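Since the structure comes first, as structure tokens, the remarks are kept for the end.
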Amino acid sequence: MSLTGDSPLFPSGGAHVRAVNDEFHGDLLEVSMGPHHPSTHGVFRMIVTLDGERIVKLKPVLGYLHRNHEKIGEGTSYLASMPYTDRLDYLNAMTNNWAYALSVERLGGLAVPERAEYLRIILAELSRLQNHVCLAGFLLQDTGASGTPLMYAFRERETILDLFESLSGSRMMCNYQRFGGCRVDASPEWLGQVSTLVDGFGAFLDEFEQLITGNEILMSRTQGIGVLKAADAVAAGITGPLLRAAGVGYDIRKVDGYGLYNRFNFRVPLGAHGDTYDRYMVRILEMRESITILQQALRDIPTGPIMDPKAKLRGFRPKPGESYGRIEGPKGEIGFYLISDGSANPYRYRVRPPSFVNLTVLEDLCLGHTIADSVVILGSIDIVLGEVDR
Amino acid sequence: METPDQICHRLLARFPSAEISVLQNPGPAAQHSLLVGPASVREVAEFLRDDPLLRLDFCSNVTGVDWPDKVVVDVTKSTVPDPAGGPPKVTEQKTEHTQPGYLEVVYHLYSVALRHGPVIIRTRTANRTDAVTLPSLTPVWRAAEFQEREVFDLFGVVFSGHPDLRRILMWDGYKDHPMRRDYVEPEDYEWEPTPHGDLVDKSKRAHAPKPAGGPTP
């Protein structure tokens, strides 16, 4: 089969960016940033048109990691997709697992025992901590704070990943949640270790903030850069810390109250300006809120079973129907849309990835700023290409 | 929030000529959806976004579903009285007809302002081959921009009125739509014509395994 040539469905060639120098335009310059560039956090390309150093046009080019995750999901059983969801946003396997499990539970009408719900919340908030701490480290690295903040962040992240490893067997590819509960129970020692980590995390954040938050260079590189207005953010479907940095108080943990989040007392930090600095600060503040959620969860976690006895993992055949389940992942709304036709494989398996939709506004945020700022703005959006390209 | 039936009722009152119906979801999730005809989906979407009771300002998820042609077997039973006086014979007549397939686009809508949702709207193309154009909802919700591009790329739904309809995950120049149910993977994704292609084919034929039972050399 030939892969080249014209199809009536799309225009010939389908060139992404008009050649800038086809007429005598003056000195606009087209730069292809990526796909292999350290600032793109993966295999991602931005075709940037520059007027001097200012960006006048920016087109993201995606798909370098595309493996058609959704098609693979339609060819395997419900359970077999679970470890594969780890690979979407490979920093947050726990929340990916949870979103998928939630969607399948709705599809099959399964209940989740209380202890499992608490474990899910503990793991999701730990996941949020390590995602945000990584993001902060990467973002500071992008602004030029080489090494130190990133190493501090990674030191802390590694302690969380050690906890994931001792519970699930893997640092990053956890494959921990199941439909109707969790795979293995947490021992009291493990919960004790989490408790120790949570108690010390506030002090780490203080240290980290003291190191860099008030830094003049950081402020001048991020304040007023890449401003996202609240109305634009909602219209473009932006979710997660990006949306809240723009001043919109929309957190799915509060709105949907999935799991047992309704029982928890926590605040939703909001930004005031929607610039890159707000996006950084919202994440720092979210980490502090995650600590309070973790403290409440560790205090209240009950004993009991961790799996719904009715749940059938192998040979699971939900009744025909469909469901959409979404949770507040560290990067935004991660949702799974499933259609069952009564067989062992989903008829349709769709992932709604937060990073992919959040990239919609990348061009708007970068226009008028310098090319060096585009690196920082992209860093503050927080993308993971495993999820963008699927 | 209003139930899908109530929304459907209000929509029909507002747009009497539109084709709108409620599609029941038989599963335990019970997320019913509104099936909207392509001719009116744009005005329905604007109504859903601007209506003060709904204010569905956030389009969360846009996706396609492929429903291929289905062969349906109709069985008609007829009873023929036995001329010999025995019990009447029941004969079954089976007729097959093909139910034409279609591509479906599903939108999951939420309201950030009123914090409710989801309202699910879906719209369908006339068939899967040549009438695959649907109106784009990107002018209504910009959130659909990348996701509609993805549906165009992977399912082959053409969105009229989309500001920038290009492939997004597959590369430009790719011909097929991989998420369709009848998609066949190419043998070699990076195939390019070469001057010695004929020779390679000839050599492949020469070295192909001989059919069993044929003459042995």
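Just so it is clear, none of the values below were taken in a lab; they were calculated from the coordinates. Remember, it's a predicted structure, so these values are computed and weren't measured experimentally. No Cβ is skipped: glycine too gets one built from the backbone with ideal geometry, and neighbour counts run over all protein chains shown.
A few notes on this one:
- Exposure rule at most 16 other beta-carbon atoms within 10 Å, DSSP loop chymotrypsin sites (Phe, Trp or Tyr not before Pro): chain A longest free segment: A:91-390
- Set of aspartates and glutamates with alpha-carbon distance to A:Lys312 below 17 Å, sequence-local pairs under 8 removed: A:Glu105
- Net charge dipole, the range A:69-388: roughly 1120 debye, given to the nearest 20, about the Cα centre with Cβ charges of +1 for Lys and Arg and -1 for Asp and Glu.
- Take chain A and mark each of the GluC sites (Glu not before Pro) that is in a DSSP loop with at most 14 other Cβ atoms within 10 Å; the longest unmarked stretch, sites excluded, is A:54-390.
- Approximate spin-label separation B:Val184-B:Asp5, in nm, with each point projected 7 Å along Cα-to-Cβ: 4.8
- HN-Hα J in Hz across the range B:15-29 - Karplus 6.51, -1.76, 1.60, θ = phi - 60°, x for Gly and Pro: 10, x, 8, 6, 8, 10, 9, 9, 9, 6, 9, x, x, x, 5
- Loop-located trypsin sites (Lys or Arg not before Pro) across the range A:34-99 with a Cβ neighbour count of 16 or fewer within 10 Å are A:Arg67, with loop assigned by DSSP.
- Interchain or long-range residues, amide H under 5 Å from A:Lys57's placed H: A:Thr49
- Hydrodynamic radius (Kirkwood) for the range B:1-150, which is based on Cα pairs only, to one decimal in Å: 17.9
- Here the 3J(HN,Hα) profile of the range B:2-14, calculated from phi with Karplus coefficients 6.51, -1.76 and 1.60 at θ = phi - 60°, is 5, 6, x, 5, 5, 4, 4, 4, 5, 5, 5, 5, 7 Hz, Gly and Pro shown as x.
- Here A:Lys57 is the anchor, and no lysines lie within straight C-alpha reach of less than 17 Å, apart from those fewer than 8 places off in the same chain.
- For B:Arg181, the shell of other residues with beta-carbons less than 14 Å away shows a net charge of -4, using +1 for Lys and Arg and -1 for Asp and Glu.
- Three-way shape label, the range A:56-138, alpha-carbon gyration tensor, a/c 1.5: oblate
- The GluC sites (Glu not before Pro) of the range B:113-217 meeting both criteria, a DSSP state outside H, G, I, E and B (loop) and at most 15 other C-beta atoms within 10 angstrom of the site's C-beta, are B:Glu187, B:Glu190.
- Global form of the range B:38-93, assessed from the alpha-carbon gyration tensor, a/c cut-off 1.5: prolate
- Shape class of chain A from the alpha-carbon gyration tensor: oblate, with a/c at 1.5 or above and b/c at least as large as a/b.
- Cα-Cα P(r), the range B:97-212, percent of pairs per 10 Å interval: 11, 30, 25, 17, 11, 5, 2, 0
- Net charge of the neighbourhood of A:Asp51, taken over other residues with C-beta under 13 Å away and scored Lys/Arg +1, Asp/Glu -1, is -1.
- Average Cα contact separation per residue, the range B:126-195, under 8 Å, 6 or more apart, as relative contact order %: 26
- Separation of alpha-carbon centers, the range B:56-130 and the range A:33-111, rounded to whole Å: 32
- In order along the range B:133-143, the Karplus-derived 3J(HN,Hα) couplings, from 6.51 cos²θ - 1.76 cosθ + 1.60 at θ = phi - 60°, round to 8, 10, x, 6, 9, 4, x, 8, 10, 5, 4 Hz, and Gly and Pro are given as x.
- In nm, spacing of pseudo-spin labels at B:Val90 and A:Leu29 (7 Å Cα→C-beta vector): 8.3
- Cross-link pairs exceeding 25 Å in C-alpha to C-alpha distance, out of B:Lys175/B:Lys210; A:Lys319/B:Lys70; A:Lys71/A:Lys310; A:Lys254/A:Lys310, comprise B:Lys175/B:Lys210; A:Lys71/A:Lys310; A:Lys254/A:Lys310.
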